[in-house]
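Below is one structure, written out as C-alpha cells; the observations come after it.
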Amino acid sequence: MPAVIEARGLTKRYGHVTALDGLDLDVPSAQVLGLLGPNGAGKTTAVRILTTLLRPDAGRATVAGVDVLEQPEEVRRRIGLSGQYAAVDETLTGYENLEMIGRLYRLGRRRARARASELLERFSLTDAAGRPVKTYSGGMRRRLDLAGSLVAEPSVLFLDEPTTGLDPRSRVTMWEVIRELVDRGTTLLLTTQYLEEADRLADEIVVIDHGRAIARGDADALKAEVGGERIEVVVRDTDRIGEVGGILETVALGQVVVGGQGNQLTAPVAGGPDTLMRVLRELDAAGLELLDVGLRRPTLDDVFLALTGQPTDDAAEPGGGAATEEVGP
Amino acid sequence: MSRIGWAVHDGHIVALRNVRKIRRVPEVLVFVLISPIMFVLLFAYVFGDSIPIAGLDYREFLIAGIFAQTVIFGATFTGAGIAEDMQKGIIDRFRSLPMSRSAVLVGRTASDVIYNLLSILIMTLTGLLVGWRIRGSLIDALGGFLLLLVFAYAFSWVMAFVGLLVPSVEVINNASFIVIFPVTFIANTFVPSENLPGPLRTFAEWNPVSAVTQAAREAFGNTNPALPPPDVWPLRHPVAYTLLWVGIILVVFIPLSVRQYQRAAAR
Ligand SMILES: Nc1ncnc2c1ncn2[C@@H]1O[C@H](COP(=O)(O)OP(=O)(O)O)[C@@H](O)[C@H]1O
Ligand SMILES: [Mg+2]
C-alpha cells in the first residue's frame, strides 16, 4: 500500500542554518509516525512543509496522494494541523473559534455549529465553551487547537509537539485523545521531544537531528539499542551495598552497575512499577535504608547518547528537551 | 460557488470574527470616536474665524474636509489590525485551512467600514452642534457620505498593504502618518487649493482627497456659486475622478496585498 504521507529529500535552509537536510519520511495509512528530536532538529520545519505552510528548497512530498507543492489547496482540504503553538483566537470563545473554523471549511452555519458543540463535548471543553480563550489553561488551549484541526474530520493529521509545556495530567489526557483518534484510523505524524511519548503513541519512530534522520524503527528496536528502564537506588550505608546489589540482581536483566560516590546502584529491569515494588519490599524486609530510589525510563538524551555518543545540543538548558522525564502514571 | 463567491463568503466569516472582537473590546471604539469629535471642535473653534473664505462660512467649508481626513485616517486601523493579525497564532490556522487566500484582508477591510460609519455619524452630530448645515437634498447628502465611505474603503487596502510590510504593530502608526498627512493636508480639505503655492497647488488639484472633499461639499450643498472650484478636470468632475481612483487603488492594491499576505504569512 502506498504511503499516505511521503517525503523525499526535503531540504530547507535559513541563511547558513540547514533546518532540513534531505529528510525522507513514509507513513502508511492509519499508522502513527513519531518524529523525535531535540529543539532545533527540524521537526517544525518538516511539519510546515508537509502542511503547505512552507516551501522546501529541495525535495518533494505527497500527502493523501496529493503533491504538496503542486496542489497545496487540495492538501489543505485533506489534512488537519495542530502546530507547536496553539493557533486559536484569544478574544473569541472556544465555541466561536470552532464555529469560525467550520464555516471557513465551508460547512454551512448549521453544520459548523453542530460540529463545534460536538468537538467541545469530546474534548471536555463544554463548560468553558462560552469563555474567551485567553482565560484557558495551556492544556485547554492545546485541546481546543486540536479540536480545530479535526473540524473537517481529516484522515491525515499533523501534531507538532502536542504535549510540550503541558503539566503531567494534561499530557496524559492529550495522549488519550490522540490514542482515540488513531484507533479510528487517522494517519498521524507526530513530533515530540519525549521518547516516552513516541513510545506510547507511535508505530514507527524517526529520530532526527540537524535536519537528518539518524535512526528509524519501532520503539522496541530503539529501546533495545538504548537500553530500557532501570531502577536506580542510592543506599545510606555503603557497607551494606553488597546486600542491596544482591537483591537488585534477582530482578536485573543485565549487569548491576555501581555509580555515584560508590553508593548508587543501577539495574536494567522490566516490569516497571511492579518490579520496583518487589525490590522495595525485599529491601525493607532486609532492613536496608535508602537515600533515594527511582524508576528511570530512557529519555531522548539517552537515545542521543546511544546513537551519537553525544548528548543533545540543549541537554544543559534547564527545561530543555533532554530533561529527565517523569515516570508517567 | 465561484472563486469570487467563496472569497466573499470567507471574507464575510473573517469580518464577523472581527466585529465580535470589537464588541468584546469596546474600549477601542471610544478612541475611534473621540478623535473625530476633537477634530471638528478644534478646527471649528480654533480656525473657524481666522481663515476667511469669500462668500462662505469657514465651518461649512471645513466639515467635508474633516470628514474626508477622518475616514482616511480610519485606514490606520486597517493597517494596525492586519499587522496585529499577522503576529497572532490564528494566522497559522487560517493558512492551514482550504479557505480563500484573500479572506483575512477582505474581512479586515470590510469590518473596518464600521469604524468609519460610526465616526461619520459622530462627526455629523458634532458638526450640526457647531452650526454646520446640510443645505442640499438629503439624498445628495447620503450620496456624499457613501462616496466618502467608498473612497475610505479603497484607501484601507493601501494601509492593509502597509500593515503587511511593517515588522510590528507599533511601527504602523508612524508609517501611516507618513502616507496620510501629506495626502490629506496638501489638498482642499482645510483651505481652498487656490491658497496653496505653485507645485503644492497642482498636487492638491489632482489629489483624489481634494476630489472626494469637493464631491462631499457639493453633496452637502456647502458650496457657493461665487466660489467655483478651480478649473481643473478632477475638481470639476469630483465624483467621477474619485471613483476612478477607487478603481485604480483596488485594482493595484488588492492583488498586491494578497501576494504580500501569502509571503508574510510564510515566514
Ligand atoms: N524562520 C526561520 N528563520 C531562521 N531560522 C529558522 C527559522 N525557522 C527555523 N529555523 C531554524 O531551523 C532549525 C530547525 O528549526 P525547527 O524546525 O523549528 O526545529 P524544531 O521544531 O525541531 O525545534 C533551527 O536551527 C531553527 O533555528
Ligand atoms: Mg518545533
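The values are calculated or read from the model by the stated rules, or taken from the named source; none is laboratory data. Remember, predicted model here, so these are calculated numbers, not experimental data. Cβ sites come from the backbone with ideal geometry, for glycine too, and all protein chains shown count toward neighbours. Side chains are part of the model used for accessible areas, which takes the heavy atoms of the whole protein and leaves out ligands, DNA and RNA. Shrake-Rupley method; radii C 1.70, N 1.55, O 1.52, S 1.80 Å.
Would you call A:GLY130 closer than 24 Å to A:GLY42 by Cβ, open to solvent by 10 Å² or more (accessible area, probe 1.4 Å), within 14 Å of chain B (Cβ to nearest Cβ) and of a type in the set (Gly, Ala, Ser)? Can you show your working first?
On the way: closer than 24 Å to A:GLY42 by Cβ: no; open to solvent by 10 Å² or more (accessible area, probe 1.4 Å): yes; within 14 Å of chain B (Cβ to nearest Cβ): yes; of a type in the set (Gly, Ala, Ser): yes.
No: the conditions fail for A:GLY130.
Could you tell me which residue of the range B:92-106 is nearest to B:ILE172 (Cα to Cα), considering only residues that are open to solvent by less than 10 Å² (accessible area, probe 1.4 Å) and within 12 Å of chain A (Cβ to nearest Cβ)?
At the first step, the residues of the range B:92-106 found to be open to solvent by less than 10 Å² (accessible area, probe 1.4 Å) are B:93-94, B:96-99, B:103-105.
Subset that is within 12 Å of chain A (Cβ to nearest Cβ): B:93-94, B:96-99, B:103-104.
Details: B:ARG93: 24, B:PHE94: 23, B:SER96: 26, B:LEU97: 28, B:PRO98: 29, B:MET99: 27, B:ALA103: 21, B:VAL104: 18 Å.
Across the range B:92-106, the extreme among qualifying residues is B:VAL104.
Return only the number of the condition from (1) away from every other protein chain (no Cβ under 14 Å); (2) within 14 Å of ligand 2 (Cβ to nearest atom); (3) not charged (D, E, K, R); (4) not in a loop (DSSP other than H, G, I, E, B) that A:PRO38 does not satisfy.
(4)
If you take the residues of the range A:34-63 that are at pLDDT below 95 and of a type in the set (A, V, I, L, M), which of them is nearest to ligand 1 (Cβ to nearest atom)?
A:ALA41
It is to be established whether one or more residues within the range B:31-52 are within 14 Å of chain A (Cβ to nearest Cβ) and open to solvent by 20 Å² or more (accessible area, probe 1.4 Å).
no
Here are A:GLY262, A:GLY254: which of them is in contact with a helix residue (DSSP H, G or I) (Cβ under 9 Å, 6 or more places away or on another chain) and not in a strand (DSSP E or B)? Even if it seems obvious, please write down each step before you answer.
Numbers: A:GLY254 fails: in contact with a helix residue (DSSP H, G or I) (Cβ under 9 Å, 6 or more places away or on another chain).
So the residue among A:GLY262, A:GLY254 that is in contact with a helix residue (DSSP H, G or I) (Cβ under 9 Å, 6 or more places away or on another chain) and not in a strand (DSSP E or B) is A:GLY262.
Scan the range B:193-246 residue by residue and report those that are without any contact (Cβ under 8 Å) to a residue 24 or more places away in the chain, open to solvent by less than 80 Å² (accessible area, probe 1.4 Å) and assigned to a helix (DSSP H, G or I).
Once the filter is applied, which keeps residues that are without any contact (Cβ under 8 Å) to a residue 24 or more places away in the chain, open to solvent by less than 80 Å² (accessible area, probe 1.4 Å) and assigned to a helix (DSSP H, G or I), the range B:193-246 yields B:GLY198, B:LEU200, B:THR202, B:ALA204, B:ALA240.
Look through the range A:133-147, keep the residues that are within 12 Å of chain B (Cβ to nearest Cβ) and within 10 Å of A:VAL88 (Cβ to Cβ), and return whichever of them is surrounded by the most Cβ atoms within 10 Å (Cβ to Cβ).
A:ARG142
Among the residues of the range A:235-253, write down those that are closer than 18 Å to A:ASP292 by Cβ, surrounded by fewer than 17 Cβ atoms within 10 Å (Cβ to Cβ) and under 37 Å from the mean Cα position of the chain (by Cα).
A:ARG236
For (1) more than 7 Å from every other protein chain (Cβ to nearest Cβ); (2) part of a loop (DSSP other than H, G, I, E, B); (3) in contact with a Leu (Cβ under 8 Å, 6 or more places away or on another chain), each residue gets a yes or a no:
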| site | (1), (2), (3) |
| --- | --- |
| A:ARG60 | yes, no, yes |
| A:GLU70 | yes, yes, no |
| A:GLU73 | no, no, no |
| A:GLN84 | yes, yes, no |
| A:ASN97 | yes, no, yes |
| A:ARG111 | yes, no, no |
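When residues of the range A:148-174 are filtered for being open to solvent by less than 10 Å² (accessible area, probe 1.4 Å) and without any contact (Cβ under 8 Å) to a residue 12 or more places away in the chain, how many remain?
0
Assuming A:THR91 fulfils every condition listed in (1) farther than 27 Å from B:ALA7 by Cβ; (2) open to solvent by 10 Å² or more (accessible area, probe 1.4 Å); (3) touching a helix residue (DSSP H, G or I) at 6+ places or on another chain (Cβ under 7 Å) apart from one, which condition is it?
(1) is the only condition that A:THR91 fails.
Go through the range A:41-84 and report how many residues are near ligand 2 (Cβ under 10 Å from one of its atoms) and among the small types (Gly, Ala, Ser).
First pass over the range A:41-84, keeping only residues near ligand 2 (Cβ under 10 Å from one of its atoms): A:41-48, A:83-84.
Still in the running and among the small types (Gly, Ala, Ser): A:41-42, A:46, A:83.
Selection size over the range A:41-84: 4.
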